[in-house]
Amino acid sequence: MTKDEFTRLVLESEETLYKVSMSMLRNEKDCEDAVQTAILTAYEKLNTLKNEEYFKTWIVRILINTCNKHLNSRKKIVDIQDYQNTTQTSNFSPEELEVRLAVEKLPLKIRQVVVLYYTEGFSVKDIKDILKIPEGTVKSRLSKGRELLKIELDK
């Protein structure tokens, strides 16, 4: 893969990378750092990518690992108000903001699956590969996520 191809694929994946990292880290600066670190790591490990058509899945996996390392090293708690301030600057409708905030209240493992499936459009199989968990676990987390979101949004 050439440098130009890598750049093109990263730019095509940029929005997904941002959303996934934001769903995990909940802080814009940490999110930006994680995305940059993941891109650099991907570039350095480009020779490990076996099939270019799986680039997006591969780089999202690298990003999730980067975010997990960040979360483990900092054990940081982010106030929901910080996230609200970030999301409100993005001009969401009140309904979109309500759904985004409900998603943010989900436990991390469930939130990851929900964001990858509903926001980013990854298939259950892709999510299984990204998170390295069984397909049944992906499906059960999606089901639990829908259940928790329904409860939260019915309030």
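The values are calculated or read from the model by the stated rules, or taken from the named source; none is laboratory data. Quick caveat: nothing in here was measured; it's all calculated off a predicted structure. Heads up, the Cβs are rebuilt from the backbone with ideal geometry, glycines too, and the neighbour counts pull from every protein chain shown. Ligands, DNA and RNA are excluded from the accessible area calculation, which covers all protein heavy atoms including side chains. Shrake-Rupley method; radii C 1.70, N 1.55, O 1.52, S 1.80 Å.
Observations
- Sequence-separation-based contact order of the chain, relative, with Cα cut under 8 Å and 6+ spacing, percent: 24 percent
- Dividing the mean sequence gap of close Cα pairs (under 8 Å, 6+ apart) by how many residues the stretch 1-79 holds gives a relative contact order of 37 percent.
- Remark: the chain carries a charge dipole of roughly 800 debye about the Cα centre, counting +1 on each Lys and Arg Cβ and -1 on each Asp and Glu Cβ.
- Excluding ligands, DNA and RNA, the accessible surface per residue across the chain is 60 Å² with a 1.4 Å probe.
- The angle separating the long axis of helix 135-154 from the principal Cα axis of greatest extent in the chain is about 30 degrees.
- When the C-alpha to C-alpha distance is required to be over 27 Å, the pairs from LYS45/LYS105; LYS50/LYS132; LYS29/LYS69; LYS50/LYS105; LYS45/LYS139; LYS29/LYS109 that qualify are LYS45/LYS105; LYS50/LYS105; LYS45/LYS139.
- In terms of packing, defined here as the mean over residues of other Cβ atoms within 10 angstrom, the peptides 17-23, 28-34, 132-138 line up highest first as 17-23, 28-34, 132-138.
- Cα long-axis angle, helix 28-44 against the chain (0 to 90 degrees, to the nearest 10): 20 degrees
- Sorted on the mean count of surrounding Cβ atoms within 10 Å across their residues, most packed first, peptides 1-11, 106-116 read 106-116, 1-11.
- Cα shape, the chain, gyration tensor, a/c 1.5 rule: prolate
- Our estimate of slack between LEU153 and MET1, defined as 0.36 nm per intervening residue step minus the Cα-Cα distance, is 50.2 nm.
- The angle between the Cα long axis of helix 94-104 and the longest principal axis of the Cα atoms of the chain comes to about 70 degrees, rounded to the nearest 10.
- Theoretical ellipticity at 222 nm over the chain - DSSP helices of four or more residues, -39500 (n - 2.57) apiece, nearest 500: -24000 deg cm²/dmol
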